[in-house]
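The block underneath contains the structure these notes are about, expressed in structure tokens.
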Amino acid sequence: MPVQPGAPRARHLIGYALAVFGLVWVLHDVHFGTMLASMGRIRWVWIVPAILFDVLSYVCQGVRWRYLLRPAGPVSALQATQAIYAGLFTNEVTPLRVGELVRAYLVSRWTGVRFLSIVPSIAAERLFDGVWLAIAIGITAMFVPLPRDLIVGGNVLGVVVIAATALFLYLVYRRRSEGSGDAAGARHGRRHTLARMISQVAEGIRRIGLSRNSIASLLISPLILVFQGIALWIMMVAYGFSLSVWAGIAVFLIVHLGTALPNAPSNIGTYQFFCVVGLTLFGVEKSTATGFSFVAFFLLTLPLWILGLLAIARSGMTLPAIRHEIDRLRKS
């Protein structure tokens, strides 16, 4: 089914519109003198550990992805982390989260396996992230009062996770009960591109299954959220906020859920919006919260840009060349 030429452009415009809305809301009725004064009180000694925790979260993601990639091919934790940073950098400079495709392509190129064979590992990552995000919201609600919208979002996420888990288990065990149907599905897949893609992704999920590798990756997954939440909380300490670690993690969860959907590059606008919303819920004055949202955004994004650029440079390809190869693979 051909993609309408205007569809990507419309999605881009929606993302940029959300960014503009977020920035306008954040900056309206802000006292810029108060905001700048709050920036001048940063305790820089706390910035380094905040950045280290953030980087460590992506190293954990690389280790987790390495486990999930084992059925497809051997990949080192360093290569997996490099591909993740290349994808993160792509998300910073382009809309709609195409960085997931970039990291899948790089691993496919390094291992020599098919591009679609990498996709199931990313799908499993999203499932594990959803499971632990729903759990994190529930645990955090036991220690600090959370906004009703976040609780509702957590409940919706829980329902989605249950449905996704059921689908995952169905795909894992389908071979045992429907082994004869796979060949027919493969024959149909050769006549229809979309069916072939679905069949290959389903086969990849069956390979991952409930093995030691998938269980290990599931147990590593909460460390990613914990380290990112701690990184943002340490940023709050550096900014002089006297919020508990649970309040800091609550703000992180609000930002994390709010920026989950594809939007403008770098989540600009939406990051500031949800960060300010979260902080004001815990009594932080809006002008001060606005200053923090920009400082935290810049300081946590800068290492990602630097490491992402290095990751792409070490891959031996340029970002336009990678995107061209991805488009070619998607059309083939």
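The values are calculated or read from the model by the stated rules, or taken from the named source; none is laboratory data. Quick caveat: nothing in here was measured; it's all calculated off a predicted structure. In this analysis, Cβ positions are derived from the backbone assuming ideal geometry, glycine residues included, and neighbour counts consider all displayed protein chains.
For Ile135, are the conditions met, namely being among the hydrophobic types (A, V, I, L, M, F, W, C), out of contact with any strand residue (DSSP E or B) (no Cβ under 8 Å at 6 or more places or on another chain) and farther than 30 Å from Ala86 by Cα? For Ile135, the condition - among the hydrophobic types (A, V, I, L, M, F, W, C), out of contact with any strand residue (DSSP E or B) (no Cβ under 8 Å at 6 or more places or on another chain) and farther than 30 Å from Ala86 by Cα - is not met.
Kindly provide the set of residues from region 249-279 that are part of a loop (DSSP other than H, G, I, E, B), under 17 Å from Asp149 (Cα atoms) and touching a residue at least 12 places away in the same chain (Cβ under 8 Å), ordered by number.
Thr259
In region 204-228, the residues that are more than 13 Å from Val63 (Cα to Cα) form Cβ pairs under 7 Å with partners that are of a type in the set (A, V, I, L, M) and outside any helix (DSSP H, G or I), at six or more places apart or across chains, as follows: Gly204/Ala72.
I'd like to check something: does region 136-153 contain any residue that is farther than 23 Å from Leu219 by Cα, of a type in the set (Gly, Ala, Ser), crowded, with 20+ Cβ neighbours inside 10 Å and at pLDDT 80 or above? Within region 136-153, one or more residues are farther than 23 Å from Leu219 by Cα, of a type in the set (Gly, Ala, Ser), crowded, with 20+ Cβ neighbours inside 10 Å and at pLDDT 80 or above. Count of region 210-229 residues, restricted to those that are in contact with a helix residue (DSSP H, G or I) (Cβ under 8 Å, 6 or more places away or on another chain) and either crowded, with 21+ Cβ neighbours inside 10 Å or among the hydroxyl-bearing types (Ser, Thr, Tyr) (or both), is 6. Total residues in region 239-269 satisfying the condition of being polar (S, T, N, Q), surrounded by fewer than 23 Cβ atoms within 10 Å (Cβ to Cβ) and within 19 Å of Gly153 (Cβ to Cβ): the figure is 1.
Taking the condition among the aliphatic types (A, V, I, L, M), closer than 25 Å to Leu171 by Cα and assigned to a loop (DSSP other than H, G, I, E, B), does Val107 pass? No, not satisfied.
This table checks each residue for (1) closer than 23 Å to Leu106 by Cα; (2) in a helix (DSSP H, G or I); (3) among the β-branched types (Val, Ile, Thr).
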site	(1), (2), (3)
Leu223	no, yes, no
Val226	no, yes, yes
Gly240	no, no, no
Ala247	no, yes, no
Ser287	no, yes, no
Gly291	no, yes, no
Asp327	yes, yes, no
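Let's see how each residue does on (1) of a type in the set (D, E, K, R); (2) farther than 22 Å from Ala289 by Cα; (3) more than 23 Å from the chain's Cα centre (by Cα):
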{"site": "Ser38", "(1), (2), (3)": "no, no, yes"}
{"site": "Ile47", "(1), (2), (3)": "no, no, no"}
{"site": "Ala50", "(1), (2), (3)": "no, no, no"}
{"site": "Cys60", "(1), (2), (3)": "no, yes, no"}
{"site": "Arg64", "(1), (2), (3)": "yes, yes, no"}
{"site": "Ser76", "(1), (2), (3)": "no, yes, no"}
{"site": "Gln79", "(1), (2), (3)": "no, yes, no"}
